[in-house]
Amino acid sequence: MKILMFSMTPLFADKSMGGAQKQLKKVAVYLAERGHEVTVLCTRRADAAQPFQWHERAKVLPLYRFKQPFPEPYETPPYNIAHAIQLTGDYLADADVFYNHDGGLIFPYIALDKPYVMSLRSVLFSETLQSGFLFQGDALILPSQHTAATWQHTAGRFFPELAKRIYVIHNGLDFTVYRHTPPKTIVKQLGLEPDRYHYILYPHRPEDAKGIRQTIAVVDVLVHQYALKNVRVLVPQWIDTNLSPSVREYYDGLMRDIDERGLRDYFVFHEWVSDSLMPEFYSVGAVTFALGNYVETFGNTPYESLACGTPCVVARVGAYRGMLPEHLVDLVDYGDVMAAAEAAYRIISQEQRAAPATLKWLYTHFSQETMVKAYADIILNAQKLAPMPYQHPVFTPKTRWMLAPWCFVSHGRVYHDFLGEFVADSALAALVYKYPRGFTVKEAKPARLQMWLDEGFVVPVPSK
């Protein structure tokens, strides 16, 4: 088959701007290896403007002129958007199926006469959200039950048929690659001293939401309260550092925070690590932090780290709440710096590594072979379906309400993924405990229910 793929994000031959691009490459190469012709169209930019091959039958063409750097790609002249529609249609005319990776191309009419599969890897960015609410494709691939529940309780409220088109496929890891790997090249490249220091890993973008501020706060506790002087934190400099003044300014702000805490010697800012060296990078670590409030739809980092033997301390947010077993990984409430520091100190001081039970669980649930086969099956067998009919729900006194899937209750407080914080609301917490199958407006009191609905704390229980 001839398969056309779309990526709003720029692509590279041997590095990725995030986990979504890693998954796209895996799927494209898998299909190419099985004899299919794969063409991937993506956005061009100064350091990613030349075509390249992931495989002899998987070519990547950076042709779109969406705004760069990230975010807000549609902040561009209208002729660039028209160019994207024209370009996609031209290539699609000779394709058998269209796969829109991570949404982004928000125009459903482009693929009205071809089988159309879309995956959504985010529930945050404006173009991804528009893709989800405008979706009229034939299959929607999502990476976690948390993400599926989010879409079913938002867009699915108006398109009940959406639930039948959703397929949950967890991200998969190649465990022949992601395993403990002697960190030789990465040690030389970054000038590390693993015999002298315990390295704390922060393998994320430089964003507050990804947990860099929490990481700084936890290291402050480790150094000044637990007296761990032989730790160093590895922080990658984002690919866009030399392209965006705002990114450079952000790093300057981080350094001021670090200096004010007397931690300058404990942080190492290094170049972005290529995909091929990530197993070494994880393997050199004593512990990996994922402490932000970013609403991860899957989040590869903890799983990749664990596969390489390095334990993690992870905030109990987004998909991590339901996918990382509490007995196999250290989960902490978002913002609980002391709990994160306590867990990290235990891991570092005892030189703990990922337990065999943890690795067995990873191998069982997150196999790359299982993932790519599932993607390929959906893409290759997609059938053109009729557009989904819109249905406007009507709420009545008998409507039952439930805690939104992006919220959870902890110690009488309610955490809201999209607010990124805990809210002290004992009334809502009590209702959730008392009525696990949902409550009515009478049980909740009208004014409170309306406030919870407006602020996204509750959703209607779907009718059977």
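No value in this document is a laboratory result; all are computed from the given coordinates. All of these numbers come straight from a predicted model, not from anything done at the bench. As a convention, Cβ positions derive from the backbone with ideal geometry for all residues, glycine included, and neighbour counts pool all protein chains shown.
The amide H of residue 291, built 1.01 Å from its N in the peptide plane, has 315 as neighbours under 5 Å, considering only residues 5 or more places off or on other chains.
Remind me, relative contact order of the chain in percent, using alpha carbon pairs under 8 angstrom and six or more residues apart? Normalised by residue count, the contact order of the chain is 15 percent.
Scalar couplings 3J(HN,Hα) for the stretch 103-110, obtained by applying the Karplus form with A = 6.51, B = -1.76, C = 1.60 to θ = phi - 60°, are x, x, 8, 8, 9, x, 6, 4 Hz; x denotes Gly and Pro.
Applying a length cut-off of 20 Å (Cα extent along the axis) and a mean Kyte-Doolittle floor of -1.0 to the DSSP H helices of the chain leaves 19-33, 78-92.
Could you tell me how far the Cα centroid of the stretch 1-61 sits from the Cα centroid of the stretch 133-158, in Å? Cα centres, the stretch 133-158 to the stretch 1-61: 24 Å. The DSSP beta bridges internal to the chain are antiparallel in roughly 25% of cases. Given the -39500 (n - 2.57) contribution per DSSP H run of 4+ residues, what per-residue ellipticity at 222 nm results for the chain, rounded to the nearest 500 deg cm²/dmol? It lands at -10000 deg cm²/dmol. Applying 1/(1 + (r/R0)^6) with r as the Cβ-Cβ distance of residue 249 and residue 433 and R0 = 51 angstrom yields a FRET efficiency of 0.70. For the stretch 311-464, rounded, prolate or oblate, judged on the Cα gyration tensor with a ≥ b ≥ c (square roots of eigenvalues), a/c < 1.5 rounded, else prolate if a/b > b/c? Here the stretch 311-464 falls in the oblate category.
If you sort the three axes of the alpha carbon gyration tensor as a ≥ b ≥ c, you get a/c of 1.5 or more for the chain and a/b no higher than b/c, which makes it oblate.
Between the DSSP loop rule and a limit of at most 12 other Cβ atoms within 10 Å, which GluC sites (Glu not before Pro) in the stretch 1-97 are left?
Values: sites: 33, 37, 56, 75; in loops: 56, 75.
In loop regions of the stretch 1-97 (DSSP not H, G, I, E or B), the sparsely surrounded GluC sites (Glu not before Pro) are 56, 75.
Computed FRET efficiency, Cβ-Cβ of residue 14 and residue 418, R0 45 Å: what is it to the nearest 0.05? Let's see the in-between values first.
Numbers: r = 34 Å, r/R0 = 0.76.
For residue 14 and residue 418, the calculated efficiency is 0.85.
Across the stretch 278-283, coupling constants 3J(HN,Hα) worked out from phi with the 6.51/-1.76/1.60 Karplus curve, θ = phi - 60°, read 4, x, 5, 4, 4, 5 Hz, and Gly and Pro carry x. Taking all Cα pairs closer than 8 Å and separated by 6 or more residues, the relative contact order of the stretch 220-352 comes to 21 percent.
Taking a point 7 Å out from the Cα of residue 398 in the direction of its Cβ, the residues of the stretch 424-452 whose backbone N falls within less than 17 Å of it are 438-443.
Here the spin labels are modelled as points 7 Å beyond Cα on the Cα-Cβ line, and at residue 447 and residue 94 they lie 6.6 nm apart. Computed 3J(HN,Hα) for the stretch 163-178, one whole-Hz value per residue from the Karplus formula 6.51 cos²θ - 1.76 cosθ + 1.60 where θ = phi - 60°, is 4, 6, 9, 8, 10, 9, 10, 5, 4, x, 10, 8, 6, 7, 9, 7, glycine and proline marked x. A simple spin-label model places the labels of residue 338 and residue 124 2.8 nm from each other, with each point 7 Å out along Cα-to-Cβ.
Would you order 392, 146 from fewest to most other beta-carbon atoms within 10 Å of each residue's own beta-carbon?
Details: 392 6, 146 24.
Ascending number of Cβ neighbours within 10 Å: 392, 146.
Residues 177, 273, 372, 218, arranged from fewest to most other Cβ atoms within 10 angstrom of their Cβ, appear as 177, 273, 372, 218.
Neighbouring Cβ atoms within 10 Å as the yardstick, rank 406, 361 fewest first. Intermediate values should be presented prior to the final figure.
Details: 406 24, 361 19.
Going from sparsest to densest Cβ surroundings: 361, 406.
Starting from the Cα gyration tensor of the stretch 185-365, take the square roots of the eigenvalues, sort them a ≥ b ≥ c, and report rounded, prolate or oblate (rounded when a/c is under 1.5, otherwise prolate if a/b is larger than b/c, else oblate). Rounded, because the longest to shortest axis ratio a/c is under 1.5.
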